[in-house]
Each structure stands twice: as structure tokens, then as C-alpha cells.
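Only one structure is covered here, and it is reproduced in the block below.
The values are calculated or read from the model by the stated rules, or taken from the named source; none is laboratory data. Since we're looking at a predicted model, the values are computed, not measured. Reconstructed Cβ throughout: ideal geometry from the backbone, glycine too, with neighbour counts over all protein chains shown. To get the accessible areas, we keep the full protein, side chains included, count just its heavy atoms, and leave off ligands, DNA and RNA. Shrake-Rupley method; radii C 1.70, N 1.55, O 1.52, S 1.80 Å.
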Amino acid sequence: MSDPRNPWSPVSRRQALRLVAGAPLLPLAAPLAAAAHGLGEFEPGEPGSSVRYRFGGMAAPDLTHPADMARTYVASTLTRQAGRGRPQTWRLGYETFFLTGQAVSDGQGGTVLAGACLNIDGVPIVDPSDPQQRPFFSDCPDGMSLLALPGARSQRPHCHRVFAVVQFEYVSRNRAGASMYGRLPSSIAVLALDQDRRSGRLTLAGYRAVDTRAARGLWITCGASLSPWNTHLSSEEYEPDATSIAANTQFRAFSRNLFGDPDAANPYHYGHVPEVTVHPDGTGTVRKHYCLGRISHELVQVCPDRRTVLMGDDATNGGAFLFVADRPADLSSGTLYVAQWTQTSGQGPGAGRLRWIELGHASSAEIEALASSLKAADILDVARTDPQDPSYTRIPYGGTTQWVRLKPGMERAAAFLETHRYAALMGGTLGFTKWEGTTLNARDKVAYVAMSYIYKSMTDGSTAIQVQGPVAGAVYALELRGGQTTLQGRPIDSDWVPVAMAAPPALVGEDLLVPDALGNRAHADRIANPDNLKYSERMRTLFIGEDSGAHVNNFLWAYNVDTRQLTRILSTPAGAESTGLHAVDELNGFSYITSNFQHPGDWESPLHDIVRPTLDPLVRATYDDRRSAAVGYLTLAGRLDDDAEASDGAQGGPGRHEERDQARRDRS
């Protein structure tokens, strides 16, 4: 399949940003850190002041060294060049804060189980299938934010106190091996971290679970982002269908484990955006925003105006949604929109222009009150076969066709509690499949979105989106503009409205007609099923984490938006998904990339049939019989001494890196 071309030109208007150009991207060992400081600030584009970063790639691990396939494996490099100075190149590494299921410090003289699943009263939930009656803990750490707070103090000398918020999406299985997906409440924790002032190294000092009672518990928390006002914006994915909730055994199990009663949980209280505020003492509080639409929230991305919110909708027959808050740094009220797609290309992943439909305005308090008082039958009628009644409207929903009739006066309730159905009724294009990560390049006014799989409603001709693929997915670039009006003719009060989307050729997966020697069903040197996205303004680099059913190992990639070079920088254990991605440009003079993984050894057939016999014992031995997963971050593992090698690293030459990777293995 030929590469699609971007049908719209790069945005010319650039917002002036002041970036700190002090330390390299990642924390250094103490002797190197001192040499890297003191460059001050610079304005992008000033002669002689630019700092460029390049990642040197690594080969995908293979069965020649099976241990590399069964762990977090990093053999990539980072090169930094200031102006016309000599490039400096470092080897990258990876460090963990903990594996889930480990006992870690609570920061108060005791220990706590990392990733423990807690009921509404904060009590660990015991696995009834376990003869030893041990509590559940998650093997699926996901969204993560790293931040600093004024007034927070470390007890260690020469350290700053910083914090991370990490959420635990679900538990894959119980001790008996039965699936527990969505049957347990998601937990979320604040990590107190000591940041060494000289090296930037982060050390876990305390782990505090966030009390979720104010949010009525959390449901399948997936990706996350850090708001411009320094809070952790979480997500609740795959909103439970309120029209068939009585027969939903998954949701009833969730309610029983959370509240002790299978009928206690209300589906309209889930599928929203939780916001976690961290306090200097290492505790966190959460509140849930009900006015951003009840969809399959992958994550939200707030724009620099501190009002405009771009959203991922990880669903089949999902939509492109936009929220504009009434006030900066306050998501408690605003206006919700859905996009209508006009296709401009059907080649490959396709391209299109976006116009917007206003769905409604509300406050979170208003919608929460409606959620607490209404049932689905109060809002709309839903038929799953054609009722032969013209008062019903045919819509796509969750990979199926439904017929819907709105109850009189229920427009606001439908807009914010039955958002997918109402958006389709209003003319929105509900045809996207698994719109996942969303991030922002503010300087160029471009957003990036991960369409993890391009299939089903995007390729079967059932919606206005009619593209070719690939099933391996793509990352789209979205042009953002101001001065837009809705299809109803009303102005949209934002300068950050998506108006067009297309996939850069380097960010399109490639399906394989025949699997390769390891079993990969998508080309191993291209992205496959992108999920987590984060952008570094300093690095001019888009980071892409995979959740692939086509790669034997999922990878973390770095894509330079200026050179358009894509580089593999990390490999997760086979069967695991790359999660927890956060690119932090500056935190007390250092920059970081956080990276977690979830469900190692989650074997699929035929994808893992070749590697499973070799890798399964290694994964089980390292990750508690496949029950644990890592929370951690990338580091600089050491300086490359050979100038010629450093030059190769700056260019990212894959052949030289493969040779160096092999030489390191031979030496070890």
C-alpha cells in the first residue's frame, strides 16, 4: 500500500515560547550534570542559541537474546548539540520505582502494597480465589504525571521533593486465572519522590493511595495528562451502557467489589474525567467532572489557553470531541462539541476536514445531579432491531446499528450522559475506531492523535469515514485554528479548534500479509497500534507508545517533527503494553520521560506462538508469575566515549547501532 500524503500545509503561525535549555533530556550522573547546567534560557530561532536533540535507534530484540524480549530493554542513545558545539551522546537506560505487588514505603514509617485494589472505604479487596486470601493488586499501571509543588520539602539532604501520580487501570486475572477486567475499581496513587539536586535521580520516598469516595470510585482509568495548572487529569474508559446495565455482569461485579452490593453503582456516574490535586504532604484529592461528555475517555489534553480540551474516544464508532471551559483552569462548566468529518482523501489512513456541532452547555454539578436521578429509559428509547417506526433514528453505536428516540426535554441529559448516541443524532461523525492518545505541539499549533486500529467503522463503508487502513493504525496530525463557527452558525470561543487531520507518512503502520520470523503481523520497524502519545516542546519530539496486537514486543518510539525521523527507543516485555508515558521538559532543571508497562506475558495466538515457549518462563520469573508490572522512567546510563560513535548516534544510523548493541551483549 502506498504512503498517503498530507493534504494540508504545515501551520505557519507560531506561538513564541521560552524554553529552558539547561540540562539534557534526562537526569545525569553527578559529574556530567554539573557540566550540563548554566546555559540559561533561549528564544527559539535566535542565532547560535538553539539546542538540538536526536535519538539514536536500537534494533528490536529477538530470540538470539531472549532475556531482552522478556524485560524492559533499552539500547538507544540521545545526542544533544548546543549551537555549533560538539555533539554529546549518552546511552539511555531504565529505572523502576517499583513493581506492582511489592511492599513499598508509605512515607510514614510503614509499608503499603503497590497497586492494591481498594473498595470505597479504602480497604484492600481480597482475591477469593486465592487460598492464602491475599489482596488483589493491579498488573496494569497506566497514566502517569510528574510534577513539583511549592512548599513541598524532602527529608533527605541535597534533594527536592517532587511527586508522581500513577493510576492502575485494571487487574488482568485472579489467582485462579479467571479474567478480572473491569470487575474491580481502579486505584490511583501519589508517589512522593526525592529528586537529587545534582544528578536528577528520582527515589521513591512514599506511596499514598488517593481516597476515591468523592468520585464514587473509579472505572477503568486509562491514559492521563498533566493540566497547565499542575493537576493530574485522569480518564474513565469504555463507559458502561446504561440501557442494558441489568444484564452487565462485569459492571455488577465492579459494583459488588467497590460497594459490597452489585446494584449499588450507577452507570451514569462512570465514563467521565477525574481530576487529582496533589498536596505538599503527599496526599491527593479527586473530583470527577461530568460535563466533558460521557464517552470512552482515553485521556484529555488541555491547550495553552487553559480552557480548550481535546479528547480521545477509545471506542468503535467513536467521535472527535471538543470541550471549551467557561473559565481558565476550571473544568467545572463549559460547552461540548462533536466533529463532522468531510473526507478529502481515502488513501491509506485517509484525511479529512472537521466542522463542529455544539451539543450543549452545562456545569458538572448540573450533570451529576441528572446522573444521580435519571435512568436510561427517562432519557431515550433504544431499539436494537428496526422498529419500523419513523420517530426513531438509525445510528451507529459500538460497532452495531441501533435505533434511538429522544424523550421530550431530555436534550441536555442526552448530550452529557448518552453522549455517543446524542452526538450521532445531532449529525456528528461517529465512525472513528480506537481514537486513543492525544497530545499537543503548541509552537506549531498541531495536535497529534493515535488511531490505534484503522478498521471496522473506518473501513467498512458504514460511516462517512471510508479509508483503507492499515489495521496497524496511524498517528494523525490535526491543524488547530481560531475563528471557527459551528454548523449551527455559532462562534467557538477558542483559538485551538481542530479543522483538518491527516497522518504523516512516517507515522503510519504497515500490515504484513505474512507474519515475520518472530510472528509480528505488522512491520517491526514501523509503529503498530499507537496508543500513548506525549510531545516535548524542547525536543521537538513526539513520543509514541504502542498497545499492539501485531507486534510481539510493544515499543516506545521518538519522532522528530522537523527531521521526520522515527526512532525506536525502548521495548517492553513481550505481551505487555507501553503505558505511563509523560514527557517533562523541565522539573527543577531536569527533564524526564516516564514509562510504565502493563500485563507482561499477556499471550495472544498466533501472535506469540513462536516466542511463548521460550519467553513465558522468563516473564513469569521476573514479574511474579505475570501478576506484576513496572512503574519507572528513562535515564542516561552513561556517556559514549568514542567521538565517531557519538557522530553515528547523532545521525541515528541503524546499522551502526545494531553493531554496537551486539558488541555490548558480547562484552557482557
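According to the Cα gyration tensor, what semi-axes, each the square root of 5 times an eigenvalue, does the equivalent ellipsoid of the stretch 81-236 have, listed from largest to smallest in whole Å?
Listed largest to smallest, the semi-axes of the stretch 81-236 are 32, 18, 17 Å.
Please give the length that would be gained between residue 485 and residue 95 if that part of the chain were fully extended, namely 0.36 nm times their separation in residues minus their C-alpha to C-alpha distance (nm, one decimal).
Value of the extension gain: 135.6 nm.
Specify whether the C-alpha gyration tensor of the stretch 59-137 places it in the rounded, prolate or oblate class, a ≥ b ≥ c being the square roots of the eigenvalues: rounded for a/c under 1.5, otherwise prolate if a/b is larger than b/c and oblate if not.
It is oblate, given that a/c is not under 1.5 and a/b is not larger than b/c.
If you put +1 on each Lys and Arg Cβ and -1 on each Asp and Glu Cβ, how big is the dipole of the chain around its Cα centre, in Debye rounded to 20?
1020
If we count every other residue with Cβ under 12 angstrom of residue 183's Cβ, Lys/Arg +1 and Asp/Glu -1, where does the sum land?
Value of the local net charge: +2.
Using a 1.4 angstrom probe with every protein chain in place, what is the largest-first accessible-area order of 610, 593?
610, 593
Once Rh for the chain is found with the Kirkwood sum over Cα pairs, what is the Stokes-Einstein diffusion coefficient at 37 °C and 0.692 mPa s, in µm²/s?
D = 130 µm²/s.
I'd like the orientation of helix 364-373 relative to the chain: the angle between its Cα long axis and the longest Cα principal axis, in ° from 0 to 90, rounded to 10.
Once rounded, one gets 50 degrees.
For every other residue with a beta carbon closer than 13 angstrom to the beta carbon of residue 234, add +1 if it is Lys or Arg and -1 if Asp or Glu, then tell me the sum.
Taking every Cβ under 13 Å from that of residue 234, the sum is -4.
Using 0.36 nm per residue of separation minus the Cα-Cα distance, give me the extension gain between residue 279 and residue 366 in nm, one decimal.
The span from residue 279 to residue 366 would gain 28.6 nm if fully extended.
Provide the packing ranking of 52-59, 530-537, 460-467, 121-128, i.e. peptides ordered by the mean count of other C-beta atoms within 10 Å per residue, highest first.
Packing proxy ranking, top to bottom: 530-537, 52-59, 460-467, 121-128.
Whole number please: convex hull volume per residue of the Cα set in the stretch 421-569, in Å³?
It comes to 116 Å³ per residue, whole-number rounded.
Report the Cα-based extents of the stretch 344-491 along its three principal axes, largest first, to the nearest Å.
Principal-axis extents of the stretch 344-491 (Cα, largest first): 43, 35, 28 Å.
Show that you can apply the helix-only estimate: for the chain, add -39,500 (n - 2.57) for every DSSP H stretch of four or more residues, divide by all residues, and state [θ] at 222 nm to the nearest 500.
Helices in the chain give a 222 nm mean residue ellipticity of -3500 deg cm²/dmol.
Over the chain, what relative contact order in percent results from Cα pairs under 8 Å that are six or more residues apart?
Relative contact order of the chain: 17 percent.
Report the paramagnetic label zone for residue 305: residues of the stretch 415-456 whose backbone N is under 13 Å from a point 7 Å from Cα along the Cα-to-Cβ axis.
none
Roughly speaking, to the nearest percent, how much of the chain's 1.4 Å accessible area is carbon and sulfur?
48
On a full-extension model of 0.36 nm per residue, what is the gain between residue 391 and residue 460, subtracting their alpha-carbon distance, rounded to one decimal in nm?
Taking 0.36 nm per residue and subtracting the Cα distance, the gain is 22.1 nm.
Could you give P(r) for the stretch 145-265, binned at 10 Å from zero, as whole percent values over all Cα-Cα pairs?
Pairs per bin, as whole percents: 12, 34, 27, 17, 8, 1.
Using 1/(1 + (r/R0)^6) with R0 = 25 angstrom and r between the beta carbons of residue 158 and residue 86, what's the FRET efficiency to the nearest 0.05?
FRET efficiency, residue 158 to residue 86: 0.25.
If you rank 607, 513, 425 by how much accessible surface each has, with a 1.4 Å probe, what is the order from largest down?
My answer, sorted largest first, is 513, 425, 607.
Leaving ligands, DNA and RNA out of it, work out the accessible area of residue 158 with a 1.4 Å probe and give it in Å² to the nearest 10.
Near enough 110 Å² of accessible area.
If you count only protein heavy atoms with a 1.4 Å probe, what accessible area per residue comes out for the chain, rounded to a whole Å²?
Ligands and nucleic acids excluded, the figure is 36 Å² per residue.
Quick one: order 180, 501 from most to least accessible surface, probe 1.4 Å.
Result, largest first: 180, 501.
So which of 407/434; 288/445; 445/534; 288/434 end up more than 26 Å apart, counting from Cα to Cα?
Over 26 Å Cα-Cα: 407/434; 288/445.
Could you give the angle, 0 to 90 degrees to the nearest 10, between helix 654-667's Cα long axis and the longest principal axis of the Cα atoms of the chain?
Helix 654-667 sits at roughly 70 degrees to that axis.
Zone of residue 211 (label point 7 Å along Cα→Cβ, backbone N under 13 Å): which residues in the stretch 121-165?
121-123
Amide H neighbours of residue 486 under 5 Å, counting only residues 5+ apart in sequence or on other chains, H built in-plane at 1.01 Å?
492
Rank by packing, highest mean first: peptides 552-558, 361-367, 468-474, with packing defined as the count of other Cβ atoms within 10 Å averaged across residues.
Output ranking for 552-558, 361-367, 468-474: 552-558, 468-474, 361-367.
List the extent of the Cα atoms of the stretch 552-639 along each of their three principal axes, largest first, rounded to whole Å.
Per principal axis, max minus min of the Cα coordinates gives 44, 29, 24 Å.
For residue 609 and residue 468, what does the FRET efficiency come to when R0 = 30 Å and r is the distance between their Cβ atoms, rounded to the nearest 0.05?
The value I calculate is 0.60.
I'm checking a number: the convex hull volume of the Cα atoms of the stretch 416-486, normalised per residue, in Å³. What is it?
Hull volume normalised by residue count: 125 Å³.
In degrees from 0 to 90, rounded to the nearest 10, what is the angle of the helix 249-259 Cα long axis to the longest principal axis of the chain?
Result, in degrees: 70.
With an 8 Å Cα cut-off and a minimum separation of 6 or more residues, compute the relative contact order for the stretch 530-576 in percent.
Value for the stretch 530-576: 30 percent.
Give me the net charge for the shell around residue 268: Cβ to Cβ below 10 angstrom, other residues only, Lys and Arg +1, Asp and Glu -1.
For residues surrounding residue 268, the net value is -1.
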